[in-house]
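The values are calculated or read from the model by the stated rules, or taken from the named source; none is laboratory data. In this text the structure is predicted, and so the values were computed from the model without any measurement. FYI the Cβ positions are ideal-geometry reconstructions off the backbone, even for glycines, and counts take in every protein chain you see.
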Amino acid sequence: MRQKEYQQLQQAVENGTKRIAEIDRLIEKVFEQNAGGILSDERFAKMLQNYEKEQKALTQEVEENRQTLQNAEQRVVDLRLVLRTLREMTDMKELTPTLVNSLIERIEVHNSDKSSGHSHVKVDIYFTAVGMIDIPTEKEILATMEEIQNNPQDFKFVA
């Protein structure tokens, strides 16, 4: 998430929280005015309904913004972890358990499949901050290479 958007969301959460607290104070004030006879019951009911409606909408919006901020912060932490691990890997001499544990989030081993006389077990590996990566088969790689050779203009990358 870009820094400007992040700051705008933080500001929206802060402003929403302040307004929710302000609405609480206004509701108390309106209640006191109604109890003191300054404000009619009909007007009190209308004002209370409007304040509660606004407060409910603000509470939901603030919660959604907080969740978005929390998700963005988690992605930043995950990305930093991956980058740190990749930096450590650039001078890697051997694959250590620590390195594997920092790169792999989880491994799912499925039930075995005994088709065609052979037993096959599907294993899914989910990498940290990336998810599961589908490794192409040899046929898929060859087909992609042929497509690149036939249409090189479609596969130019600019760094």
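Quick check, is Glu94 exposed (fewer than 11 other Cβ atoms within 10 Å of the Cβ) and at pLDDT 90 or above? No: the conditions fail for Glu94.
So, in the stretch 27-59, of the ones that are charged (D, E, K, R) and over 40 Å from the mean Cα position of the chain (by Cα), which residue ends up surrounded by the most Cβ atoms within 10 Å (Cβ to Cβ)? The qualifying residue surrounded by the most Cβ atoms within 10 Å (Cβ to Cβ) is Arg43.
Per this entry, Val13 is counted among residues that are touching a residue at least 24 places away in the same chain (Cβ under 8 Å), assigned to a helix (DSSP H, G or I) and over 30 Å from Leu95 (Cα atoms). Considered as a group, the residues in the stretch 115-130 that are surrounded by 10 or more Cβ atoms within 10 Å (Cβ to Cβ) and closer than 29 Å to Val76 by Cα include one that is modelled with the highest pLDDT, and that residue is Asp124.
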